[in-house]
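A short worksheet on the structure shown next.
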Amino acid sequence: MRGSDSKRDLMAIDDVSEELSELIAWAIAFKHAGDINYEFKPLDGMSIGSIYEKPSTRTRVSFEVGVSRLGGHPLTLLSNDIQLGKSESIADTAAVLSRYLDGITYRCFKHGDAEELARHATVPVINALSDLHHPCQAAADLMTIAEHGESVSGHIAWVGDGNNVFHDLLLAGVALGHDVSYATPAGFEPDESVMDRARRISATTGAIISGSNDPVKAVSGAGVVYTDIFVSMGEEHMEGKFNAFDGFQVNEELVSNANPDYLFMHCLPAHRGEEVTDAVIDSPNSVVFEQAENRMWAQMSLLTYLCNETAWHAFRELE
Ligand code: CP
Ligand code: NVA
């Protein structure tokens, strides 16, 4: 509704590479602001609509609560209940929703659909997970790593599918100067165009990216060990995909190769006993519920930045 030609969208985390460390600092400030959070209402009078084509627990609840905390009105639009994908195009949906809303979040199957919605909307659009990217997850993940500060020594290791969560973890990690080492089964490597972007960013920050099909190699000396489900939402039809991940489970034997104080990370939901064992996800090294909480704080920072940048700067003065 208050959109303009200069509106900013968040399709992938490298859309905000340059501001990322400040966005994370502000997310951490929100988290510790206490009573200031009750005064700071940058989304006062604004409505943020969230479209879901796939299920969600964390993204949905953290956006609804985060928007409310910022003084805005959250609307959740489940794809079964709206015309999108049935009798209305993405372009028309974007044009109509822009007449009511001040921002849109969109969880979709095809990344191109998020880009199309953003192209036709006159208000900021945030990708709330597509088949290619999950920027809100990466913002929360790098916030979690930042909170652990000096205790994280060693690179970020990814074990599993070269998927949407990995793409943004990689882009965000190298933007903030973390080395990233990944291991995927052959045929499940990350998207080459995302890798090109990550390599370009790493050339400016000095971060080192290395990839292989060997989980032990990826995890050796790691400060962070991250995994995700082997078969993502929308891939259930990919028969045999699961079997390709034999040997890629994050278990006690594998993490014994990481630094002793490594952080175990997972975007959740986890399929316990498949990509990770209970012993690892329930260990003292695991920060998976911190990550889940940080989704809300990171998205509050992103929403304020994209929907009311002036207020975002004012928050620093309140601290
Ligand atoms: N990590 C994450 O995006 O979780 P949900 O699918 O529950 O939103
Ligand atoms: N890679 C997973 C992440 C879920 C939060 C998926 O896309 O289903």
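The values are calculated or read from the model by the stated rules, or taken from the named source; none is laboratory data. Computed from a predicted model, the values in this text were never measured in an experiment. Note that we place each Cβ from the backbone using ideal geometry, even for glycine, and neighbour counts take in every protein chain shown. When the accessible area is computed, the model is the full protein with side chains, heavy atoms only, and any ligands, DNA or RNA have been set aside. Shrake-Rupley method; radii C 1.70, N 1.55, O 1.52, S 1.80 Å.
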Selection over segment 153-192 where residues are part of a loop (DSSP other than H, G, I, E, B) and away from ligand 2 (no atom under 16 Å from the Cβ) yields a count of 9
How many residues of segment 201-222 are outside any helix (DSSP H, G or I), more than 22 Å from SER17 (Cα to Cα) and open to solvent by less than 20 Å² (accessible area, probe 1.4 Å)? The answer is 1
Apart from one, (1) modelled with pLDDT of 95 or more; (2) surrounded by fewer than 21 Cβ atoms within 10 Å (Cβ to Cβ) all hold for SER62; the odd one out is (2)
Reported set for segment 125-140 where residues are open to solvent by 10 Å² or more (accessible area, probe 1.4 Å) and either away from ligand 1 (no atom under 14 Å from the Cβ) or out of contact with any Gly (no Cβ under 8 Å at 6 or more places or on another chain) (or both) is LEU129, LEU132
How many residues of segment 105-124 are among the aliphatic types (A, V, I, L, M) and within 16 Å of ligand 1 (Cβ to nearest atom)? The answer is 1
Scanning segment 258-277 residue by residue, those away from ligand 1 (no atom under 16 Å from the Cβ) and touching a strand residue (DSSP E or B) at 6+ places or on another chain (Cβ under 6 Å) turn out to be ALA258, TYR262, LEU263
Exactly one of ALA12, ALA91, ALA25 is crowded, with 21+ Cβ neighbours inside 10 Å and within 28 Å of ARG197 (Cα to Cα), and that one is ALA12
Those residues of segment 231-289 which are part of a loop (DSSP other than H, G, I, E, B), acidic (Asp, Glu) and under 23 Å from ARG58 (Cβ atoms) amount to GLU235, GLU236, GLU274, GLU275, ASP282
By residue number, the members of segment 49-73 that are among the hydrophobic types (A, V, I, L, M, F, W, C) and within 16 Å of ligand 1 (Cβ to nearest atom) are ILE51, VAL61, PHE63, VAL65, VAL67
When (1) out of contact with any helix residue (DSSP H, G or I) (no Cβ under 7 Å at 6 or more places or on another chain); (2) in a loop (DSSP other than H, G, I, E, B); (3) without any contact (Cβ under 8 Å) to a residue 40 or more places away in the chain; (4) of a type in the set (A, V, I, L, M, F, W, C) are applied to MET195, the one that fails is (2)
Scanning segment 74-87 for residues that are more than 27 Å from ALA270 (Cβ to Cβ) and either within 11 Å of ligand 1 (Cβ to nearest atom) or open to solvent by 70 Å² or more (accessible area, probe 1.4 Å) (or both), the one farthest from the chain's Cα centre (by Cα) turns out to be SER87
